[in-house]
1. Just wondering, is there one or more residues in region 263-286 that are in contact with an Asp or Glu (Cβ under 7 Å, 6 or more places away or on another chain) and at pLDDT below 95?
2. Hey, can you tell me all the residues within region 407-429 that are more than 27 Å from the chain's Cα centre (by Cα), farther than 24 Å from Glu454 by Cβ and open to solvent by 40 Å² or more (accessible area, probe 1.4 Å)?
3. Looking at (1) open to solvent by 10 Å² or more (accessible area, probe 1.4 Å); (2) within 14 Å of the ligand (Cβ to nearest atom); (3) outside any strand (DSSP E or B), can you tell me which one Thr335 breaks?
4. What about Gly32, is it open to solvent by 60 Å² or more (accessible area, probe 1.4 Å) and farther than 20 Å from Gly195 by Cα?
5. Please work out which residue is farthest from Ala389 (Cα to Cα), limiting yourself to region 430-446 and to residues that are free of Cβ contacts under 8 Å to residues at least 24 places away in the same chain and under 37 Å from the mean Cα position of the chain (by Cα).
6. Here is a list: Tyr285, Tyr266, Tyr221, Tyr289. Which entry is in a loop (DSSP other than H, G, I, E, B) and open to solvent by less than 50 Å² (accessible area, probe 1.4 Å)?
7. Considering only region 3-23, I want to know if a residue exists there that is hydrophobic (A, V, I, L, M, F, W, C), closer than 29 Å to Tyr163 by Cα and either at pLDDT below 95 or out of contact with any Pro (no Cβ under 9 Å at 6 or more places or on another chain) (or both).
8. So which residues in region 158-178 are crowded, with 20+ Cβ neighbours inside 10 Å, assigned to a helix (DSSP H, G or I) and more than 13 Å from the ligand (Cβ to nearest atom)?
Amino acid sequence: MSQENAGQNLMDKLISLCKQRGIILPGSEIYGGLANAWDFGPYGALLKNNIRQAWIKHFVTSRDDMVLLESGVIMNSKVWEASGHIMNFTDPLVDCKKCKKRFRSDHILEQRSLEPGYAKEAPVDWSTMRCPECGGELTEVRQFNLMFKSTMGPVEEEGATVYLRPELAGGMFTDFKLIQQANRKRLPFGIAQVGKAFRNEITPGNYIFRTREFEIMELEYFVQPTAWEKAFEMWLGVMKSWLKSLGVADNSLYFHEIPEGERAHYSKRTVDIEYHYPFGLKELYGLAYRTDYDLAQHAKHSGADLTYQDPETGEKFIPHVVEPSMGLERTVLVTLLSAYHEEEAPTAEAGETDRRVVLKLPKHLAPIQVAVLPLSKKEELATVAQALAQDLRQKFTVEYDDTQSIGKRYRRQDEIGTPYCVTVDFESLNDKAVTVRDRDSMKQERVKIQEVREYLKDKFGS
Ligand code: GAP
């Protein structure tokens, strides 16, 4: 199988597993769907939330130089004028004159550059370029603004034009001074947030990799003008340790120093962390040095004083900013891809094996941490199992499952990445113990019912 086919195969398998198990579902499906819109089902919502909480812990609450913010999706439109998004937040677009499909011209060039003999530096004559889908003639390149527009107020004609935020940074800059003063923060310090962003992408796709509605986890780290390089290296290290904590292998990552001319309009240095997805090497996260561009722009456009006064030297200046920015859906995707395993495993029948799919998710991210599985639905077992499940719920996310054979139940829990299954059998009524099965090693251990909670706390390191 070619590398491309193997990649497609893995994506197909993951997408199908996620749909079957209620992890990620096609959005609005009963109405024929909505292009590239995905819903996070019961397990997906828990997984996503665990990642969000782990991110907040890793980047904010485990440090004393970070605070959290939750600013609005809709902001005063002057924010986007000042930040340059109304002018510059565009993608280059071409239309096919024949099939009417739209493409990002840079993506077409990216594809062309892989062809033998293609001269990358030569100026592009778009009249010679053809539609990648139907071979039709393409229009000239034009710039397309990615922000979703809406109107605020009940009467459309009289309402003010507003935008759904295309990134979260705006809120951190407009609230910078209020937070710095109210929370008595000294440089260097950062403001972080996690939340929805919206971009009218020309070519969304590759599952949850590029969608029009997604979540960003990002922070703005405010520093003295001369201190940005140190902060840049520090955050690069924190991002690396974060990726390790998700189970992402080092060799699936590529650190791409973005050259001048290709960086966003506000950035003096950007490193894109790229990932070898099954559909190619593409961006996962970004780390940018934004200089004092944003605060200076907002000070100019709003008239507010956004300078900071050093309490020791008395010096006044506009802080510079280092910004690590991470997509939540891309994080979910690489976490799932890293966790997805297929392997030969013993069945309940002695000496037999079959192929099992298992999500070897880091334990703290698993949507269900413990499954309680009574061997039979009989009341005497159900009473013990239900009481145990209720006890464990005080500490863990627990699923109670008493349907189908125990082998099928184990496989179902493997497929959603549940680290531990606790089986209550008839012997439990006598020996007051249960069997705890480890997802990865599939080893089983007999543990006293009274000790199960402590046993699992130990396993989770909590
Ligand atoms: N404030 C900087 C900023 O927004 P960005 O690289 O444009 O930077 C941040 O976006 C992150 O959001 C990216 O690194 C990526 O992980 C994610 N992202 C960007 N566009 C996305 C989309 N259309 N769908 C899903 N995730 C996206």
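The values are calculated or read from the model by the stated rules, or taken from the named source; none is laboratory data. All figures in this text were calculated on a predicted structure; none of them were measured in a lab. All Cβ positions, even for glycine, are placed from backbone atoms using ideal geometry, and neighbour counts span all protein chains on display. Ligands, DNA and RNA are excluded from the accessible area calculation, which covers all protein heavy atoms including side chains. Shrake-Rupley method; radii C 1.70, N 1.55, O 1.52, S 1.80 Å.
1. yes
2. Those that are more than 27 Å from the chain's Cα centre (by Cα), farther than 24 Å from Glu454 by Cβ and open to solvent by 40 Å² or more (accessible area, probe 1.4 Å): Lys408, Phe426.
3. All conditions pass for Thr335, except number (1).
4. Yes; evaluated as a whole, the condition is true for this residue.
5. Ser441
6. Exactly one residue qualifies, and that residue is Tyr266.
7. No: zero hits.
8. Thr174, Phe176
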